[in-house]
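The values are calculated or read from the model by the stated rules, or taken from the named source; none is laboratory data. Being a predicted model, the structure only gives us computed values, none of them experimental. Cβ placement follows ideal geometry from the backbone for every residue including glycine, while neighbour counts extend to all protein chains displayed.
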Amino acid sequence: MDLNLRAAVIHNIHENTQQELEDTIVDAIQNGEEKMLPGLGVLFEIIWNNSSENEKKEMLQALEGGLKKS
């Protein structure tokens, strides 16, 4: 079976509104299910690839700060 996870995730959400995308992200995080992690990874990849260098630095700072709190 040839499964392209990126394509499947993008296909499932490509017409979602901002609110639906937020709901998807919040639900995936609150559920804490391991099976949701690849989908969140695809979403992060899209965000990363569409962010400026300044936005990437901000994300990395937020990530570093969040990891230090853990």
Exercise. Quick one: would you say Glu20 is part of a helix (DSSP H, G or I) and among the acidic types (Asp, Glu)?
Worked result: yes
Exercise. Which residues, taken from region 1-23, are under 12 Å from the mean Cα position of the chain (by Cα), under 15 Å from Glu45 (Cβ atoms) and not hydrophobic (A, V, I, L, M, F, W, C)?
Worked result: Arg6
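One line per residue, one yes/no per condition, for (1) free of Cβ contacts under 8 Å to residues at least 60 places away in the same chain; (2) surrounded by 10 or more Cβ atoms within 10 Å (Cβ to Cβ); (3) outside any helix (DSSP H, G or I):
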position: Ala7; (1), (2), (3): yes, yes, no
position: Asn16; (1), (2), (3): yes, yes, yes
position: Gln30; (1), (2), (3): yes, no, no
position: Ser51; (1), (2), (3): yes, yes, yes
position: Lys57; (1), (2), (3): yes, yes, no
position: Leu60; (1), (2), (3): yes, yes, no
Exercise. Inside region 4-47, can you point out the residues that are farther than 19 Å from Met59 by Cα and of a type in the set (Val, Ile, Thr)?
Worked result: Val9, Ile10, Ile13, Thr17, Thr24
Exercise. Does Glu55 fit the bill of being at pLDDT 95 or above and not β-branched (Val, Ile, Thr)?
Worked result: yes
